[in-house]
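Trainee: Let me begin by handing over the structure; questions about it come next.
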Amino acid sequence: MKLFYGVLFGMLFTLASFGQEQPLAQKDSSKQKLIALNEVILSGKIKRDPVFSVVFNKYAKKVVQPKNVADLFSDLNGFSLIKRGNYAIDPSFRAAQYEQLNVQYDGGTKAMHACPNRMDPITTHIIPEEISKIEIIKGPYTVRYGPTFGGIVNLVTQKPNLSDQGLNVKVASGYESNGGNIVNLVQLGQTEEKYDVLATFGQRDFGNYKDGDGIEIPSSFRSLDYGFKAGYNFSDNERLQMQWRQSFGRDVLHAGLPMDTEYDNSSIASLDYKKSDVNSTINTLTGKMYYSYVDHLMTNANRPSFMMTEALAAVDATTLGGKFEVEWKSIDGLTFFSGVDAMHVARDGSRTRLVKLMNGTPLPMPMEFTDKVWQDSYITDLGLFTEAIYLLNTSTNLTFGLRYDNVVSDIKNPEDDFADLYDLKKRTEHNVSGTISVKKEISDQFMVQAAYGRGVRSANMIERFINHFNVGQDPFEYIGNPDLKAEVNNQFEIGFIGKAPLTKGFNSFRYEASFYYSLFENYIVGIIDETKTRKFMPMLQPQNPKVFRNLDEAFKTGFELMAQVDFLDDFYLKTELAYVYTENRDLNESLPLTPPLTSRLSFGFEKSKFWANAVLNLVSEAVEIAPSFGEINTDAYQTLDIRFGITPVKNINVGFAALNVFDEAYNNHLNFSFVNQADFGRTPITDPGRNFAVFLQYQL
């Protein structure tokens, strides 16, 4: 495998020797007449965007049947997916996941999950067909968008075309063979000079899929979504926009979790304001407010454990937040972004258990117990930040930023046994993070980036307040720790981006490389505590629970590489490689959820009315694992995906896909294991086998 990549990269770089100079990136464009809100982080301007940032923005045309938003990350270099089934899927980037990634919508809106097992992560509250692009900052290299530990993911939803006035209509429908899955979407918009509106309705109905061995995996779900977005332009440089959306998940089966979702209802509202060209000193004023509420019910009615104990858990999560930012100038070439942001997360709920058997003996009268899931807890984060961009000269810019977060947490209704473990009281933390980076255009076709970022993340609510619940991939009960220190990521990175023209039928050669190292402080992980015993179903193994602790010695390092040759005007050949190595020196093992070496080889072509691509995914054996987290070695695997699309007539697009063409039986290393399933032992969830899909879209 190493020889193969050495030869392949060598061939691609050799082709670059045919080149002549060509601009690396488009220069700053002039201002548009109609103002656009800061619902995007990356502006496409090389001198303003943060270092190590990237945009993926061809989803409306290229994506065929993703199951939820997290599936949009499956082909992005450096990303992996954490699956608990076909619905509750989380993205992982460079072995950072969950709250280690700052995942948001439209430049700041958040919706936090209510389920402690993350049956309802943020990626389930919006349908993928609404996503116009995904913006990624690969580390803690900006302080403007909330506390950032491992990187920022901004999901930008579709918006009315401000330059195309009148009625806009989009209708889409799709079908997948593996599971008999159906997707429908209707979108209506109206754009005028002073106002614009956009309404969206989506419906998804997915069945159980079969893996490469023909085994049916419990993974079905249904969902309905609708949203409404409206904006008003006070002038060419002042705009107000509101957004409202709701999502309703029903009958969701989670193969890798002990219960299933009866319903998951979410509501998200946001209000955005922007005014530009305020005066000679202030360039822009922006403001955002948002609210989200998630109402979640899970049961074990379809699980083997139902015969012994009926369990029902009703939980909810409320998220409130906002941001105010001023962009201002002090001297020529120096621009500041200063502001304040806030986020408040509150969760509550309980689990009711009706015990029918005790120690293997049926009870004459079932016994009812109530367990506090979140113990009526909250976390509030108030942040102050300033970030500056200084143009040292026409080819070099320096960025530096500083951020302070005041984090308040409290538990208002603790269980007695949890209160006995800790001196529970309201706690306030003071976190300081920062970054400094430089971006240098060596020539029109080569750029160097270097950065240091200190990202600080306070413990989330699971890590602080969970009480004897199964929340990991392993069968351990977990106990929270409200005294955890905030974990710190000191990340260093250097990268290169290049482009050169080619001759003799070859158009251009592009390449990118990033190399990073992260030294962690106070890394948070669950560790077995032999002084404590299991609380629920005490006869089961393991007897000792895990308690969240801070690690003193942990780090990660890795790289991403990409090389692409464009030839014969419309064709391309691209190879990508991503590797991350982690080490938990306290336990002499890898950190949990570290993906193996992953690579992709892509071949495709694009014309105005026809496109196609084939992607060969090569995933190495996972041997660097975390046994204390219940991880086992995962076999290497290779899959082939083929997609193509056509525009047969104006305004109609048809997409086709053949996924896992060779019907490979495999599982991703980050997949959860089957749990509480009648026909499965505690082995990792296998991924879908061969799957054919078709997608039809009409847009006016």
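Trainee: With a 1.4 Å probe and all protein chains kept in place, how do Y516, Y404 rank by accessible area, largest first?
Mentor: Reading off the accessible areas and sorting them downward yields Y404, Y516.
Trainee: Could you give each residue of the stretch 572-578 its phi-based ³J(HN,Hα) in whole Hz, using Karplus coefficients 6.51, -1.76, 1.60 with θ = phi - 60°, and x for Gly or Pro?
Mentor: So the J values, rounded to whole Hz, are 8, 10, 10, 10, 9, 9, 9.
Trainee: With charges set only on the Cβ (+1 for Lys and Arg, -1 for Asp and Glu), what does the dipole of the stretch 315-452 come to about its Cα centre, in debye to the nearest 20?
Mentor: Using only the charged Cβ atoms, the result is roughly 140 debye.
Trainee: What does the charge count near K546 come to, summing +1 for each Lys or Arg and -1 for each Asp or Glu among other residues with Cβ under 13 Å from its Cβ?
Mentor: Around K546, the surrounding residues sum to -1.
Trainee: Cα-based Rg of the chain per 2.2 N^0.38 Å, rounded to two decimals?
Mentor: Normalised by 2.2 N^0.38 Å, the Cα Rg of the chain equals 0.95.
Trainee: Quick check for me: using +1 on Lys/Arg Cβ and -1 on Asp/Glu Cβ, what's the dipole size of the chain about its Cα centre, in debye to the nearest 20?
Mentor: Computed about the Cα centre, the dipole is about 1460 debye.
Trainee: Can you sort D332, D211, D236 by 1.4 Å-probe accessible area, starting with the largest?
Mentor: D332, D236, D211
Trainee: Along the charge dipole of the chain, which of N431, N522, Y478 sits closest to the positive end, that is, farthest toward it, with unit charges on the beta carbon of Lys, Arg, Asp and Glu (+1, +1, -1, -1)?
Mentor: N431
Trainee: Per residue, how large is the accessible surface of the stretch 198-356? Use a 1.4 angstrom probe and give square angstrom.
Mentor: Computed with neighbouring chains in place, this is 39 Å² per residue.
Trainee: So what is the relative contact order for the stretch 393-530, in percent, with contacts set as C-alpha pairs under 8 Å and at least six apart?
Mentor: Relative contact order for the stretch 393-530 comes out at 19 percent.
Trainee: Translational diffusion coefficient of the stretch 309-380 at 25 °C, 0.890 mPa s, Stokes-Einstein with Kirkwood Rh over Cα pairs, in µm²/s as a whole number.
Mentor: 148 µm²/s
Trainee: Same structure, new question: Tell me, what is the percent relative contact order of the chain, built from C-alpha pairs under 8 Å that lie six or more residues apart?
Mentor: RCO, the chain: 13 percent.
Trainee: Could you pull out every residue, at least 5 positions away or on a different chain, whose amide H is within less than 5 Å of the one on N168? Hs are placed 1.01 Å off N in the peptide plane, and Pro or chain starts have none.
Mentor: Those lying under 5 Å, H to H, from N168 are G189, Q190, T191.
Trainee: Of L185, T286, N490, which is farthest on the positive side of the dipole of the chain, counting Cα position, with +1 on Lys and Arg Cβ, -1 on Asp and Glu Cβ, and the Cα centre as origin?
Mentor: T286
Trainee: For the stretch 588-700, what is the accessible area per residue in Å² when the probe is 1.4 Å?
Mentor: 45 Å²
Trainee: Please give the per residue accessible area of the stretch 392-488, computed with a probe of 1.4 Å over protein heavy atoms only, in Å².
Mentor: Per residue, the stretch 392-488 has an accessible area of 39 Å².
Trainee: Please state the relative contact order of the stretch 264-396 as a whole percent: Cα pairs under 8 Å, 6+ residues apart?
Mentor: RCO, the stretch 264-396: 21 percent.
Trainee: In addition: Among the trypsin sites (Lys or Arg not before Pro) within the stretch 180-225, which fall in a DSSP loop and have no more than 16 other Cβ atoms within 10 Å of their own Cβ?
Mentor: K194
Trainee: Still on this structure, I have one more. Is it possible to state the helix-based mean residue ellipticity at 222 nm for the chain, with each DSSP H run of 4+ residues giving -39500 (n - 2.57), the sum divided by total residues, to the nearest 500 deg cm²/dmol? What is it?
Mentor: Mean residue ellipticity, 222 nm, calculated: -1000 deg cm²/dmol.
Trainee: Go through Y572, L597, T582 and say which Cα lies farthest out towards the positive end of the charge dipole of the stretch 572-612; charges sit on Cβ, +1 for Lys and Arg, -1 for Asp and Glu.
Mentor: Ranked along the dipole, the leading option is Y572.
Trainee: Each label point is 7 Å from the Cα along the Cα-to-Cβ direction; what then is the distance between the points at D423 and A269, in nm?
Mentor: Between D423 and A269, the simple spin-label model gives 4.2 nm.
Trainee: Would you mind working out the magnitude of the charge dipole of the stretch 83-170 relative to its Cα centre, with +1 at each Lys and Arg C-beta and -1 at each Asp and Glu C-beta, to the nearest 20 Debye?
Mentor: Dipole of the stretch 83-170, to the nearest 20 debye: 240 debye.
Trainee: Please report, in Å, the Rg and the Dmax of the stretch 319-474, where both are computed over Cα atoms only.
Mentor: 24.6, 82
Trainee: Right, something else. Using a 1.4 Å probe and ignoring any ligands, DNA or RNA, find the accessible area of F324 and quote it in Å² to the nearest 10.
Mentor: Result for F324: roughly 100 Å² accessible.
Trainee: Something else about it: Taking a 27 Å limit on the Cα-Cα distance, which of the listed pairs K229/K372; K133/K275; K110/K412 fall beyond it?
Mentor: Cα-Cα > 27 Å for K229/K372; rest within.
Trainee: So, with a 1.4 angstrom probe, what is the percent of accessible area on the chain that is carbon and sulfur?
Mentor: 58 percent
Trainee: Collect residues whose amide H, placed 1.01 Å from N in the peptide plane, falls under 5 Å from the amide H of I527; neighbours closer than 5 in sequence don't count.
Mentor: HN-HN under 5 Å from I527: V547, F548, R549.
Trainee: On the principal axes of its Cα set, how long, how wide and how thick is the stretch 467-607? Give whole Å, largest value first.
Mentor: 71, 31, 24
Trainee: Another question, if that's okay. For the stretch 469-523, count the residues as N, evaluate 2.2 N^0.38 Å, and divide the Cα radius of gyration by that value, please.
Mentor: Ratio of Rg to 2.2 N^0.38 Å for the stretch 469-523: 2.22.
Trainee: Report the local net charge at P121: Lys and Arg +1, Asp and Glu -1, summed over other residues whose C-beta lies under 12 Å from its C-beta.
Mentor: Taking every other residue near P121 into account, the sum is 0.
Trainee: Using a cut-off of 12 Å between beta-carbons, work out the net charge of the residues near K194 (Lys and Arg +1, Asp and Glu -1, K194 not included).
Mentor: So the environment of K194 carries a net charge of -4.
Trainee: Using alpha carbon coordinates only, what is the Rg to Rh ratio of the stretch 550-620, with Rh defined as the Kirkwood radius?
Mentor: 1.23
Trainee: Mind checking the stretch 534-614 for GluC sites (Glu not before Pro) that DSSP puts in a loop (not H, G, I, E or B) and that have at most 16 other Cβ atoms within 10 Å?
Mentor: Loop-located and lightly packed - E553.
The values are calculated or read from the model by the stated rules, or taken from the named source; none is laboratory data. Since the model is a prediction, treat every value here as computed from it, not as a measurement. Cβ: placed from backbone, ideal geometry, glycine included. Neighbour counts: every protein chain shown. All accessible areas refer to the heavy atoms of the entire protein, side chains included, with ligands and DNA or RNA removed. Shrake-Rupley method; radii C 1.70, N 1.55, O 1.52, S 1.80 Å.
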